[in-house]
Amino acid sequence: MRIMERKKPHKLLMLEAILRRLKKTSPNYSYFLEYHRKMNAGFAGERYVDRIWQEMNLPSPFQLFHDYCFVNDAGFTHQVDTVFVTPHFLCLIEIKNIAGRLDFDDVKRQCIRTMANGKVDSIAYPVDQLLRHERYFQNVLTQLQLKLPIVKVILMAQSSTMIGQVSVECPIMHSIGLPHFLQKQWQRFSQRALTNREFDQLLEQLATMRQDKLWVQEIAHEELKSGVLCPNCAYEQKMYYVQGSWFCRSCGMENNEAFDEALQDYRLLRESTITNAILCKEFNIPSKYIAYRILQALKFEKVGNNRYSQYKIPES
Ligand SMILES: [Zn+2]
């Protein structure tokens, strides 16, 4: 089976758009900057660990779900970094990309991080997170009347992370240990627990229950920079449409991709559709006729059929 690449989560795309658009004078700028740093480090860690799957010799059949989001009965959204499903067992994986030393305490349900500079803080206990996920997947299996062992593991993306005290409830290891860990599970559960039909039934159910959560942020329009912004000028200068191309008057750069990026920012932070008039106003396009030609060239899906037509901005 083909291993699908992990997509950037909606929250990270939103944070990237916010940091391009939010004026640095906004009181929330530093909050989003720090949030983006954490999210980006987490995503980089997950992508790093994903490379291990490509190098593994995995017995078929199997299915990998990266960044699996689901809504529990109480209406809360949960996210599992990776769900690995085989007819022998199901494995829930939590990936941590954290520097320093980590000590897990099953009694206090706390994970203490000690940084190289001696600074100590506590992070949400990842074992509890996985136990919650395990209960959810167990319920799914029970409802389908299927019996499949569930195993769980916490992986450290950075080899420099020092794992101190560990949990007895959940294996915690460096990501390099994943192939060996899975090999041991195949030996432990050498008998198939599911038939091909049951395995397909489970995959179908997991695909149906998957729900990507949209991260909504209400940011006042006046706090956001409008226009097509120059990436070469750290998104501080506007670009102008001149003879079919986008130019920055400050650095002289010509970059048509900056327009695609600006449309995505508009889709994420403002509206998923755009009109000819708004395109003109938001992106400083000299005339509605030119804006119309740009919209025609983009081939966006048109909603409505008069001068107030909306055009759907697709996900990039
Ligand atoms: Zn520039």
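Directionally averaged projected area (the stretch 10-209, Cα convex hull): 13.5 nm². Compared with the direct C-alpha span, the chain from residue 40 to residue 115 gains 25.1 nm at full extension, assuming 0.36 nm per residue. Of all DSSP beta bridges in the chain, what percent run antiparallel (nearest 5)? The antiparallel fraction comes to roughly 75 percent.
If the label point is 7 Å along Cα→Cβ of residue 217, which residues in the stretch 273-298 have backbone nitrogen under 20 Å from it? Within reach of a label on residue 217, which here means backbone N under 20 Å from a point 7 Å along Cα→Cβ, the stretch 273-298 contributes 273. Sequentially through the stretch 104-120, phi angles give Karplus couplings (6.51, -1.76, 1.60; θ = phi - 60°) of 9, 10, 5, 6, 7, 6, 9, 10, 9, 9, 10, 7, 4, 7, x, 5, 10 Hz, Gly and Pro residues having no value and appearing as x.
Put simply, the amide H of residue 249, placed in the peptide plane, has neighbours under 5 Å in 240, leaving out anything fewer than 5 places away on its chain. Counting lysine pairs in the stretch 225-312 whose alpha carbons fall under 19 angstrom apart, excluding pairs fewer than 8 residues apart on the same chain, gives 9.
Between residue 181 and residue 289, the distance separating the two model label sites (each 7 Å from Cα on the Cα→Cβ line) works out to 6.4 nm. In this structure, the amide hydrogen of residue 88, modeled 1.01 Å from its nitrogen in the peptide plane, lies closer than 5 angstrom to those of 193, counting only residues at least 5 positions away or on a different chain. One decimal place: the segment residue 31-residue 207 gains 59.9 nm when fully extended, by the rule 0.36 nm per residue minus the C-alpha distance.
If R0 is 41 Å, the Cβ-Cβ spacing of residue 162 and residue 4 corresponds to a FRET efficiency of close to 0.80. Note on the stretch 1-135: Lys pairs 8 or more places apart or on different chains, Cα atoms under 28 Å apart, count 19.
With 0.36 nm allotted per residue and the present C-alpha distance subtracted, the residue 234-residue 251 stretch has 5.0 nm of extension available.
Every read-out reported here was derived from the displayed coordinates using simple, explicitly stated rules and does not represent laboratory data. Nothing here was measured: the structure is a model prediction, and the numbers come from that model. Every residue, glycine as well, gets a Cβ built from its backbone with ideal geometry; the counts of neighbours run over all protein chains shown.
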